[in-house]
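The values are calculated or read from the model by the stated rules, or taken from the named source; none is laboratory data. Please read these numbers as outputs of a predicted model, since none were measured by experiment. No Cβ is skipped: glycine too gets one built from the backbone with ideal geometry, and neighbour counts run over all protein chains shown.
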């Protein structure tokens, strides 16, 4: 990860969305929860890092040995409900791609389903197809609006072609 939004609780940090975890359990904070009443939370992910544990979907522990651009054909997003508090979530969002973090091309603008009221382990991962596919190194995900008190996001991943 290159950058991410600040979080009021260190246990719910920006990089937590890059590690796959099936459930939002009570004291397993593997999701991001933003400050109350704020929107426009932005994550920038470096897709060009060579080493990535694909089996664990773990972007947070990447090591950049060399950089390159990749094609993105799908985006996987799992909303959050803020664990047992069931009071937050990401609503409208956008995803952009860039070769250099200077010029950005829109890949997707959409709305996530509201996860509030969904069982902790039943929040679905939504797959978004990118058409046409785009080449780039950096992805910028922006949570534009929220459900409830705050922006929250559980997981973000991409189908890449090298």
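Per the listing 100, 114, the residue uniquely closer than 21 Å to residue 48 by Cα and out of contact with any helix residue (DSSP H, G or I) (no Cβ under 7 Å at 6 or more places or on another chain) is 100. Each residue in region 91-117 was checked for being assigned to a loop (DSSP other than H, G, I, E, B), modelled with pLDDT of 95 or more and surrounded by 12 or more Cβ atoms within 10 Å (Cβ to Cβ), and 7 pass. Scan region 118-144 for residues that are surrounded by fewer than 16 Cβ atoms within 10 Å (Cβ to Cβ) and under 18 Å from residue 4 (Cβ atoms) and the total you get is 0.
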